[in-house]
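Encoded as structure tokens, the structure appears first; notes follow it.
What follows is calculated from the coordinates using simple rules that are stated; it is not laboratory data. All of these numbers come straight from a predicted model, not from anything done at the bench.
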Amino acid sequence: MPEPGPRRIRLAELRKQLAELARRGKAAPVGSEEHDSLAEQYGEVLAGVLALAEELEG
């Protein structure tokens, strides 16, 4: 089995970041600055995941 390419490695890293942000976001109080910041970061990373996944599929 060949090694994954750099884009697939990056996608895996982004997915790990997404999971960590989700975990931290669930632990933060809703409405807090921390929660809002994590939600914003989650959205940015999610956009990266979706764009890269689409690029790899297309």
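Tell me the angle of helix 6-27 to the major Cα principal axis of the chain, expressed in degrees between 0 and 90 and rounded to the nearest ten. Taking the Cα atoms of the chain, the angle to 6-27 is about 20 degrees. Computed over the alpha-carbon atoms, the chain gives an Rg to Rh ratio of 1.11, Rh here being the Kirkwood radius from the mean inverse distance.
Between GLU57 and ILE9, 0.36 nm times their residue separation minus their Cα-Cα distance comes to what? Write out the running numbers ahead of the final one.
Numbers: separation 48, 0.36 × 48 = 17.28 nm, distance 1.46 nm.
The span from GLU57 to ILE9 would gain 15.8 nm if fully extended.
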